[in-house]
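Below is one structure, written out as structure tokens; comments come after it.
All of the numbers you see were taken from the coordinates with simple rules; none came from a lab. Owing to the predicted nature of the structure, the values given are computational and were not obtained by experimental measurement. Cβ placement follows ideal geometry from the backbone for every residue including glycine, while neighbour counts extend to all protein chains displayed.
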Amino acid sequence: MRTELENMLARRYKFMRKGKTLIEQKSEGFIGDLYSAFGCECGDGWYQILDELCSEIEKIINESDSPVDLEVNQIKEKFGTLRFNVSIDGPEKECTKIEELIQEAEQKSASICEECGNPGIIRDDLGWILTLCDDCYVLEVARSLMFEFDEAFKELAK
């Protein structure tokens, strides 16, 4: 995801603010905060899903009678769908609701193009699994073919 979209999430939602960068963590000899190190490891098309999810999580946190501590551990694409990994501490009711919202968002991502945000489907014929609309799928196939052509040309040039 583009940095400017990640920054918009961080400005809107306190729990989406990052800690130490990858370089800072490496200098300490250990990468323990994947979200701060790598950011949102998914396409811009899922920004709206993340924004809506964060908005709902923030409402739960703000309306809770007891403190709810939420730490984002990692946001990524895996097997064509969104993964929003967090650590939550607080009242069971709020924690359960947040976990349900996360699960719903992850399921929703299976029908939203990761690249552009239009309706999409899971594509598993590219050598990896992605959720893409028809237009982005065609572009991904073209990129894949260009890469294969380039690799074959390099072999011939040896």
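Points to keep in mind about this one:
- Of the three principal axes defined by the Cα atoms of the range 3-157, the extents in descending order read 66, 40, 24 Å.
- Number of Lys-Lys pairs in the range 3-158 with C-alpha atoms under 22 Å apart and a separation of 8 or more places or on different chains: 17.
- Residue exposure proxy: LEU145, LEU70, LEU156, ordered by other Cβ atoms within 10 angstrom of their Cβ from fewest to most, comes out as LEU156, LEU145, LEU70.
- Membrane-span-like helices in the chain, defined purely by DSSP H runs whose alpha carbon atoms cover 30 Å or more axially and whose average Kyte-Doolittle hydropathy reaches 0.0, are 134-157.
- Of GLU148, GLU115, GLU71, the residue with the greatest mean-square motion in the GNM of the chain, using alpha carbon springs below 10 Å, is GLU148.
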